[in-house]
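Everything on this sheet refers to the single structure shown next.
Values quoted throughout were computed directly from the atomic coordinates according to the rules given, and no laboratory measurement underlies them. The structure displayed is predicted, hence computed values, not measured ones. Cβ placement follows ideal geometry from the backbone for every residue including glycine, while neighbour counts extend to all protein chains displayed.
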Amino acid sequence: MTETPVRARFAPSPTGHMHLGSARTALYNYLLARKTGGQFILRIEDTDRKRFMPGTEQELIDGLHWLGLHYDEGPDIGGLFGPYRQTERYEIYQEFARKLVNLDHAFPCFCTTERLDRVRAEQQTRKENPHYDGFCRSLAPDEAARRIASGEKYVIRFRMPKEGSTTANDLLRGSITIENRNLDDSVLMKSDGWPTYHLAAMVDDHLMKISHVFRGSEWLGTFPLHVNIIRAFGWEEPIWMHLSVFLKPTGKGKMSKRESAEAIKDGHSIFIKDLEGLGFIPEGLVNWAALMGWGAGETEDVLSLDEMIEKFDITHLTPSPAAVNFTKLDYFNGEHIRRLTHIDLAGRIKPYFLNAGYSVDDETLLKIIPIIRERLVTLDDCLPFAAWFFKEKVDVNPLELVGKNLTAAQSADVARKIYAILDSLPDLSHAVSEAPMRHLIVDLGLSPNQVFGILRVAVTGQTVSPPLFESMEIVGKARVIERLQNAIGLLDKMI
Ligand code: GLU
């Protein structure tokens, strides 16, 4: 593991919603930067104007902040190596494209789309991989200059060496060697003057002094091209690592839009914004994402971001694809919810009650935290468990008031006995109310289930609730008594 401070970057394109894959790429870059006391940089790669999706840059920025992955340099905060948004670096790419042409490592290409389509079709007939056929590779520089001056449309292509081979080294996968004749003269600058990723990212990584590039494995195919571009400029290469891909929960095939749509139905998603809305907390999400690809042995560790920084070691990462396991996400989320302080958790669940239309008093909210936190998997679980605490009156289904194997008349009788006892007590603190209720069960020869079932439905309006005596203590005697009276009335009507 390197001890030198690294400069790592997260370089998303604002072309879609931030998802699990981008979050984990950002996270690993962040962990490496923090681990080594280096810098974590956000760079927005927005030169693909066709795929640009308004609003997604802000979503990425908000997503990073929400996840706790704060960056040291970025488009909104600046830094020594800015600008950090590629559309603001147009001139820089022009200059470096020119430089590469002057060095004879790149050339202008005037081939029309029609010609390229024809060439590709012919190659397909011959069962060859589609590639540029080198038509403009040997145009004389003065002829190229004349055609550019006359306004002819052109792109700039990399002049890939045709002899020899390229060896590129990936920290996770070792070295990869490919014959140069299998590599293409890829486009570096499009006819609209905007650079492709290949040029823009290499130039920026160099100028921004990026020492480590951790990126998605979709870039493995063009990795040799990138290495060639850097070498053509005579620059030092960063250390590369192509991260593992995510597979469907079944482990078969890559996670696709369809699986994501399926996941939403059972309260999960691979999109960060969705996960936030579904009640996942960043601590749980980051822990889950980090350990997918972290390697064996540590896949259940509940870790904070600081603990992850401490433990992070690139030699533990694995190139094997990881199946998305939402059950583990639930696990980590629940565990991290239980690591929150009561005040913190109260602050995080309060908006759920407010958004559902309840008026929340903070005193009650703080009291219910200890009795519900064990059961929360996601923050929004607070609603089914605890929204009733904030209701003036609970809605009771009379049928649920009838105890198991009891008639409505018997249940009304039990409810009256409960009422008489609770009403006689000075208050309904847990310590005061539990023993007399347990005696009642014995006296009546009934099961706790039968008696407490009636009391639970009467007080909470639901068959499942947080622990009953603790709940009654919070609700207070006056409300419990009032609700019992209401329940007796409902049961009487059923007789
Ligand atoms: N803009 C590229 C993407 O979103 C970045 C890849 C990289 O990290 O270099 O895939």
Handout entry: Loop-located GluC sites (Glu not before Pro) in the range 229-281, at most 10 other Cβ atoms within 10 Å (DSSP)
Key = E236
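With charges set only on the Cβ (+1 for Lys and Arg, -1 for Asp and Glu), what does the dipole of the chain come to about its Cα centre, in debye to the nearest 20? Mind showing how you got there, number by number?
Values: 58 positive and 67 negative charges, 246 e Å.
Charge dipole of the chain: 1180 debye, to the nearest 20.
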Completion exercise
With Cα coordinates, the longest principal axis of the chain makes an angle with the long axis of helix 113-125, in degrees rounded to 10, of 80 degrees
Fill in the blank from the handout: A convex hull over the alpha carbons of the range 309-427 yields, per residue, a volume in Å³ of 203 Å³
Exercise for the section: Return the ratio Rg/(2.2 N^0.38 Å) for the range 367-446, where Rg is computed over Cα atoms only. Expected result: 1.34
Fill in the blank from the handout: When the charge dipole of the range 1-72 is computed with +1 on Lys and Arg Cβ and -1 on Asp and Glu Cβ about the Cα centre, the Cα farthest towards its positive end, among V6, H65, G16, belongs to V6
Completion exercise
Straight-line reach check, K311, cutoff 12 Å on alpha carbons, 8 or more apart in-chain or any other chain, hits among aspartates and glutamates -> E298, D301
Exercise for the section: Positive end of the charge dipole of the chain (Lys, Arg +1 and Asp, Glu -1 on Cβ, about the Cα centre): tell me which of Q410, L285, P195 has its Cα farthest that way. Expected result: P195
Exercise for the section: Can you tell me the 0 to 90 degree angle between the C-alpha axis of helix 90-102 and the longest principal axis of the chain, rounded to 10? Expected result: 40 degrees
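Take the alpha-carbon positions of the chain, form their convex hull, and give its projected area averaged over all directions (one quarter of the hull surface) in nm².
Working: hull surface 124.4 nm².
Computed as one quarter of the Cα hull surface, the answer is 31.1 nm².
How much mean residue ellipticity at 222 nm does the chain get from its helices, if each DSSP H run of length 4 or more adds -39500 (n - 2.57) and you divide by all residues, to the nearest 500 deg cm²/dmol?
Values: 21 runs with 236 residues, N = 495.
Counting only the DSSP helices, I get -14500 deg cm²/dmol.
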Exercise for the section: Bin width 5 Å, alpha-carbon pairs only: give the P(r) of the range 113-241 as whole percents, running from 0 to the bin holding the largest distance. Expected result: 2, 9, 17, 20, 20, 15, 10, 6, 2, 0
Practice task
Could you go through the range 475-485 in sequence order and give the Karplus-derived ³J(HN,Hα) for each residue, using 6.51 cos²θ - 1.76 cosθ + 1.60 with θ = phi - 60°, rounded to whole Hz, and x for Gly and Pro?
Solution key: 5, x, 4, 3, 5, 4, 4, 4, 5, 5, 4
Handout entry: Positive-end residue, the chain charge dipole about Cα centroid, Cβ charges, pick of V377, M241, A145
Key = A145
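Once a ≥ b ≥ c are taken as the square roots of the eigenvalues of the Cα gyration tensor of the range 93-179, is the result rounded (a/c under 1.5), prolate (a/b larger than b/c) or oblate (a/b not larger than b/c)? Provide the component values of the computation, followed by the final result.
Numbers: a/c = 2.47, a/b = 1.28, b/c = 1.93.
It is oblate, given that a/c is not under 1.5 and a/b is not larger than b/c.
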Handout entry: Cα gyration tensor, the range 419-495 - rounded (a/c under 1.5), prolate or oblate
Key = rounded
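Compactness ratio of the range 1-53: Cα Rg over 2.2 N^0.38 Å, N = residue count? Mind showing how you got there, number by number?
Numbers: Rg = 13.0 Å, N = 53, 2.2 N^0.38 = 9.9 Å.
Rounded to two decimals, the normalised Rg is 1.30.
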Problem - Stretchable slack from L399 to K99, in nm (0.36 nm times residue separation minus alpha-carbon distance) - result: 99.9 nm
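Strictly over 22 Å apart at the Cα level, which of K35/K273; K252/K328; K248/K328; K273/K350; K417/K493 would you flag in this model?
K35/K273
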Problem - Loop GluC sites (Glu not before Pro), the range 356-457, which have at most 15 other Cβ atoms in a 10 Å radius of their Cβ (DSSP) - result: E392
Practice task
Could you state the angle between the C-alpha long axis of helix 342-355 and the longest principal axis of the C-alpha atoms of the chain, as a value from 0 to 90 degrees rounded to the nearest 10?
Solution key: 90 degrees
